[in-house]
Amino acid sequence: MIETLIQGLLLGGLYALFALGLSLMFGVMRLTNTAQGDFIVLAAFGAIALASVVAAHPLLIGALLLPVAFAVGYALQRWVLNGTLGRDPLPSLVVTFGLSVVIQNALLEIFSADPRALDTGALATQSLGLPGQISVGVLPLTILGVAVLGTVGLQALFARTALGRSFRAVSDDKEIAELMGLDSRKVYAVATGIAFLFIAVAGTFQAMRTTVSPADGPLLLLFAFEAVIIGGMGSFWGTLVGALVLGLTQQIGFRIDPGWGIWFGHLMFLAVLVVRPQGLFPKTRG
Amino acid sequence: MHALTDDHPASALPMPAAAAAARAGFDVVRSTRASRVALGVAAVLVAVAGSMPFWAESSWMRDFVEIACYLIFAMMWNLLAGYGGMVSIGQQAFFGLGGYAMLALGNFAGVNPFAAVPLAALAAALIAVPVSWVAFRLQGGYFAIGTWVIAEVFRLSVANISAVGGGSGTSLTALRGIEKATRESVTFWIALACVVASVALVYVFLRSKQGLALLAIRDNEVAAESQGIAVRRVKLAVYVVAAFGAGLAGALYFVGNLRISPDAAFSVNWSAFAIFMVVIGGIGRIEGPLVGALIFFALNKFLSDYGSWYLLGLGGLAIVTTIFFKQGLWGYAQQRWGWALFPTSRRLRLP
């Protein structure tokens, strides 16, 4: 039982990495990135392709991916997504959904439908022994650690830095923020760039922990989304807790019947929506 | 629009609208020459199509049934998103429910599957009511993904019901005794009737009092509410009507297909194709999904051999249309030449 709970929390760590980027983009510019999962899969395939060229540790491969991911996110927001923002959610939804279909099929064309993984070498099997004959994998633990660090980092970025202040300013009132000299288009682009850093990290870890195939994206998006809603919008701590709750629920479901894990997670999401639609730890208003 | 409160819910005019219009010296025009011509052409087309089982090849009829399903589904998505402002990626929930309800009625309850088609649509509409209690807690982009999760819940749940074959699906055995030619002709006529009924349903709904309220909500929800429109109730009505239509399309599709599985019935591709059709044709106008479905089907017919390249191009086309031609192809034509085959607006004609 305790083992199931630990596995659930570790799985939640990975889901938190899926979700932080989505939470960030929605928080700053009310943009729902329906291609979130597909970009994670794209990053995973990017890491796999890079690993076939550069012989380096997978974590180093992930680090090499970061500047590329930031540039892609920045450019995407600056020159494509900014034009779709507005009161009507339709344009941004259609464009990101279109991107999702484009990415899925492009990956299918390039890499075929076979599942692939990053070779993690010894890291895949290393584990720490805990009292009570429980062992915890080093890799899942690292992922959870990175997720917690990422959450702390984002929270600090928003609370303490000038960049975080500009994020909050354009989120609260874009017009006033622009009157104060901020260029909201650039602020948005930086926010998406940072969200894509998380996407790159999530993709690399996903490819290290399990296999990825081109059609995986939508499911990852749904997990990320559920984590955000369960946790409550506007707080990164909420997103982390939401992801952990989702991971736990799924793991318990998997334990009962392997076919029920994901279904259990969905039901947990619906239950939270009915009982506490603002999420467990809501922060933002409106 | 302000003077035309003829069927506005919060009407302050004490006298009949026509009398008011006459006294004020203007006419309210609701049809155009194009719309009258279109109505005539449509009637002829329907009559010609109705005779198809007597002279056309059966592959044409199968194609027609398939287009009809896409078209009805896209039209309902257009009603929901383009008029109701509720962008959903989860309408396949009702498509699948319609299909499975039809199958259950036919295989287990002994209802004639053709008669089960409208009943299945009704079942989908009924289920939409409790679903809305959950879905309406989310707005905008999160509504879109939330409805998708709900559709996934239905897919996974149906996949666990062994009576309908679980994850691998089952066949519509209720149609077994019927001769192939008869089955194809009846399916075709039902599809034709469903298309005509759906276009009429959406058209009449949009020209009604509820439709006017819906347009007001789309333009500005707060202002609409302040005018006395029961925003929640109108939105629920649209959601239920759209679910009915999606269920109709689903039931029809699987009557034509004879085989159903959760992955086919609840596939997100249904919503994806509806979104692409509506956006490319022109959202928020009845002609949009008609044009979009024809383009979609033509592309599908000629390019689907290219598999993933075809889907890639479709996604790309939707992106380009959204960014550069926000009104879609028909919207562009309408702005350029003033075409309107199904006018829902009220225009003033001053003497």
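Worth a mention:
- For the stretch B:249-269, the criterion of a residue being of a type in the set (D, E, K, R), more than 17 Å from residue B:210 (Cα to Cα) and within 14 Å of chain A (Cβ to nearest Cβ) is satisfied by at least one position.
- Of the residues examined, residue A:8 is one that is surrounded by fewer than 24 Cβ atoms within 10 Å (Cβ to Cβ) and within 15 Å of residue A:240 (Cα to Cα).
- If you go through the stretch A:79-122 and pick out every residue that is closer than 16 Å to residue B:311 by Cβ and among the acidic types (Asp, Glu), you end up with 1.
- Residue within the stretch A:262-269 that is out of contact with any Gly (no Cβ under 6 Å at 6 or more places or on another chain), farther than 21 Å from residue A:74 by Cα, part of a loop (DSSP other than H, G, I, E, B) and free of Cβ contacts under 8 Å to residues at least 60 places away in the same chain present: no
- Screening the candidates B:114, B:143 for the property of being in the same structural domain as residue B:76 (by TED's automatic domain parsing) and either under 30 Å from residue B:183 (Cβ atoms) or not in a helix (DSSP H, G or I) (or both) yields one hit, B:114.
- One residue from A:64, A:81, A:50 being within 11 Å of chain B (Cβ to nearest Cβ), surrounded by 15 or more Cβ atoms within 10 Å (Cβ to Cβ) and at pLDDT below 95: A:81
- Single condition residue B:76 does not satisfy, out of (1) away from chain A (no Cβ under 14 Å); (2) farther than 30 Å from residue A:233 by Cβ; (3) touching a Gly at 6+ places or on another chain (Cβ under 8 Å): (2)
- Test result for residue B:88, surrounded by fewer than 13 Cβ atoms within 10 Å (Cβ to Cβ), among the hydroxyl-bearing types (Ser, Thr, Tyr) and under 30 Å from residue B:164 (Cα atoms): no
- Set B:217, B:260, B:229: member being touching a residue at least 12 places away in the same chain (Cβ under 8 Å) and within 30 Å of residue B:181 (Cβ to Cβ): B:260
Yes/no matrix, rows are residues, columns are (1) in a helix (DSSP H, G or I); (2) over 18 Å from residue A:11 (Cβ atoms); (3) under 17 Å from the mean Cα position of the chain (by Cα); (4) touching a residue at least 60 places away in the same chain (Cβ under 8 Å):
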| position | (1), (2), (3), (4) |
| --- | --- |
| A:233 | no, yes, yes, yes |
| A:237 | yes, yes, yes, yes |
| A:242 | yes, no, yes, yes |
| A:245 | yes, no, yes, yes |
| A:253 | yes, no, no, no |
| A:259 | no, no, no, no |
| A:271 | yes, yes, no, no |
| A:274 | yes, yes, no, no |
| A:281 | no, yes, no, no |
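- Of all residues in the stretch B:275-290, those satisfying the criterion of being part of a helix (DSSP H, G or I), more than 11 Å from every other protein chain (Cβ to nearest Cβ) and under 13 Å from the mean Cα position of the chain (by Cα) are B:277, B:287, B:288, B:289, B:290.
- Out of B:256, B:245, one residue alone is more than 12 Å from the chain's Cα centre (by Cα), small (Gly, Ala, Ser) and assigned by TED's automatic domain parsing to the domain that holds residue B:76. It is B:256.
- Test: residue in the stretch B:100-109 that is more than 14 Å from chain A (Cβ to nearest Cβ), more than 21 Å from residue B:163 (Cα to Cα) and in a helix (DSSP H, G or I): no
- Qualifying residue in the stretch A:212-224 (condition: of a type in the set (A, V, I, L, M), touching a strand residue (DSSP E or B) at 6+ places or on another chain (Cβ under 8 Å) and away from chain B (no Cβ under 11 Å)): yes
- Considering the conditions (1) of a type outside the set (D, E, K, R); (2) within 19 Å of the chain's Cα centre (by Cα); (3) under 30 Å from residue B:158 (Cα atoms), residue B:174 is excluded by exactly one of them, (2).
The values are calculated or read from the model by the stated rules, or taken from the named source; none is laboratory data. Values in this document were obtained by computation on a predicted structure and should not be read as measured data. Reconstructed Cβ throughout: ideal geometry from the backbone, glycine too, with neighbour counts over all protein chains shown.
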